[in-house]
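**Q** Mind looking over this structure? Questions follow.
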Amino acid sequence: MTRIPWSLSRPIVSSGAPPSRLWVAKLYYLAFFSAIGALAPFFNIYLSSQGLSGAQIGMLGSIPPIVALLANPFWGALADRWQIHQQVLAVCVLGAGLLTFPFLWTTGFWSILLLIVAMSFFRSPAPALLDSAVMDMVGKGGASYGRQRLFGSIGFVTFSYGLGQLLTARNLDAIFWLHGLLLAGVCTMLSLLLPIERIARRPDLLSGLAQLWRQPGYPNFLIMNVLMGAGAASFIGFIGLHILALGGSEAQVGMVYALNAVTEIPIMFVGAWILTRFRSSHLIVAGLMGFAIVYGIMATATTPVTILVVAPLLGVLYACFWLAVVNFASKSAPDGLRATGQALVGAAQSGLGWSIGAVVAGTLWDAFGGSVVLMTAAGMMGTAALVYAQANPFKRFTRR
């Protein structure tokens, strides 16, 4: 039998392989979300320090999701069609990491916009490709997805909180160094170590997508993700600036993100138990309604302290919600198209939804301020819950 060159081969996952290689998944989540934690909480603060307006910040915030709308299905379909998931994932994180460093010397709205487009084209598909690979691994080895993903929460907490204590307007360059090095260095190396199963027959992409669309409740599932992404973009894009407007500090901004993420960890740890106990549809609706309530509380807050008090609830809600979403997407996808299925979720939520939310929130920020932005985000989450529940009515709360 002809040997496949190493550069084009992928480790084949057998029934005993996943448990012995799950450390790669854990480290990958840790490194990738450390990179996100180093950049995401502080990027809009950096843009504001460059003299950009709320509308400009909102427009820039809409670029990654618009790019994701095209990039996620493109990279996901490429990985599934040619069975080169490792190589695609490595190229994505390497490209995103290298394209982070030019932010250190780039100024001006249009220059920053072009750089965001290029970086986002590579970075956007990485989480979906990683989730797809890990879901395959844990499915064959009987492990828990949540116990791998919780390391991402640990990384995000460590970097968002730690940098929040150290950063000032004078040393924001550190966010780009850390983000770039973690992606281009650590994540690229781990991509080549991540075991991913190769299937013998190449999937039929078009028929698979048609089959996916015909899954009961799937169209509502995608619409829900669009609305959820819009609400999340409004919150994440402007909560930091809202805290500063209420008299808070960069340290408190980092604390909000850290409190949000740290409470994900115990939920992710018991994620397998949660998914066997509760229906995914109930977890999704409960998570969305919870987001709406917490965002509403934050919208009416008059001091950063109130926001800090309720921020931990978001981690619990998001962990339950995301476990259910990844589980639903994995089970809905036809064989050989799991990366595409996860990519479609990313395109809907982090793509179309995020772009809508970023533009709307930026416009509302300039006109009315953070309270209206957060109340609008709450409305988007509530609407998402109603859309999803319409196709997935409650029958019983638990599986028993």
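The values are calculated or read from the model by the stated rules, or taken from the named source; none is laboratory data. As the structure is a prediction and not an experimental result, all values here were calculated from the model. Note: ideal-geometry Cβ built from the backbone for every residue, glycine included; neighbour counts use all protein chains shown. Side chains included, ligands, DNA and RNA excluded: accessible areas come from the protein's heavy atoms. Shrake-Rupley method; radii C 1.70, N 1.55, O 1.52, S 1.80 Å.
**Q** Checking the conditions here, which among 292, 286, 319 is closer than 27 Å to residue 238 by Cβ, aliphatic (A, V, I, L, M), touching a Leu at 6+ places or on another chain (Cβ under 9 Å) and in contact (Cβ under 8 Å) with a residue 40 or more places away in the chain? Explain how you work it out, then say what you get.
**A** On the way: 292 fails: touching a Leu at 6+ places or on another chain (Cβ under 9 Å); 286 fails: in contact (Cβ under 8 Å) with a residue 40 or more places away in the chain.
When all the criteria are applied, what remains is 319.
**Q** Under the condition of being at pLDDT below 85 and open to solvent by less than 40 Å² (accessible area, probe 1.4 Å), which residue from the range 74-93 is nearest to residue 329 (Cα to Cα)?
**A** Among those residues, the one meeting the criterion is 76.
**Q** Okay, moving on. List the number of the failed condition for residue 292; all other conditions in (1) buried (at least 23 other Cβ atoms within 10 Å of the Cβ); (2) under 19 Å from residue 229 (Cα atoms); (3) more than 17 Å from the chain's Cα centre (by Cα) hold.
**A** (1)
**Q** Another question about this same structure. Within the range 272-287, how many residues are open to solvent by less than 20 Å² (accessible area, probe 1.4 Å), more than 18 Å from the chain's Cα centre (by Cα) and within 13 Å of residue 316 (Cβ to Cβ)?
**A** Of the residues in that region, 1 qualify.
**Q** Which count do you get for residues in the range 139-155 that are crowded, with 21+ Cβ neighbours inside 10 Å and either part of a loop (DSSP other than H, G, I, E, B) or in contact with a Ser or Thr (Cβ under 7 Å, 6 or more places away or on another chain) (or both)?
**A** Result for the range 139-155: 1.
**Q** Take the residues in the range 100-150 that are in contact with a Pro (Cβ under 7 Å, 6 or more places away or on another chain) and hydrophobic (A, V, I, L, M, F, W, C); name whichever of them is nearest to residue 190 (Cα to Cα). Give the steps one after another, and end with the answer.
**A** Initially, the range 100-150 is screened for residues in contact with a Pro (Cβ under 7 Å, 6 or more places away or on another chain), giving 115-116, 120, 124, 137-138, 140-141, 143.
Add one more test, that the residue is hydrophobic (A, V, I, L, M, F, W, C), and what stays is 115-116, 137-138, 143.
Values: 115: 25, 116: 24, 137: 15, 138: 17, 143: 20 Å.
Selected residue: 137.
**Q** To continue, here is another question. Just to confirm my filter: which helices (runs of 4 or more DSSP H) fall fully inside the range 244-338 and include at least 3 residues that are small (Gly, Ala, Ser)?
**A** On the way: elements: 250-262, 264-269, 271-277, 280-300, 304-332.
In the range 244-338, 250-262, 280-300, 304-332 are the helices (runs of 4 or more DSSP H) which contain 3 or more residues that are small (Gly, Ala, Ser).
**Q** Just the residues that are farther than 19 Å from residue 348 by Cβ and surrounded by fewer than 19 Cβ atoms within 10 Å (Cβ to Cβ), please, taken from the range 300-332.
**A** The answer is 300, 302, 303, 305, 306, 308, 309, 310, 312, 313, 316.
**Q** For the range 104-128, which residues satisfy the criterion of being under 13 Å from the mean Cα position of the chain (by Cα) and in a helix (DSSP H, G or I)? Please lay out each step first, then the result.
**A** Taking the range 104-128 as the starting set, the residues that turn out to be under 13 Å from the mean Cα position of the chain (by Cα) are 120, 123-128.
Once the filter is applied, which keeps residues that are under 13 Å from the mean Cα position of the chain (by Cα) and in a helix (DSSP H, G or I), the range 104-128 yields 120, 123, 126, 127, 128.
**Q** Across the range 47-97, which residue is nearest to residue 238 (Cα to Cα) among those that are over 21 Å from the mean Cα position of the chain (by Cα) and among the small types (Gly, Ala, Ser)?
**A** Checked the range 47-97; the qualifying residue nearest to residue 238 (Cα to Cα) is 54.
**Q** Still on this model: Looking at the range 42-61 only, could you name the residues that are surrounded by fewer than 23 Cβ atoms within 10 Å (Cβ to Cβ) and among the small types (Gly, Ala, Ser)?
**A** 48, 49, 51, 53, 55
**Q** Determine, yes or no, whether residue 352 is in a helix (DSSP H, G or I) and closer than 30 Å to residue 82 by Cα. Outline the logic, then answer.
**A** On the way: in a helix (DSSP H, G or I): yes; closer than 30 Å to residue 82 by Cα: yes.
Taking the combined requirement at face value, the residue satisfies it.
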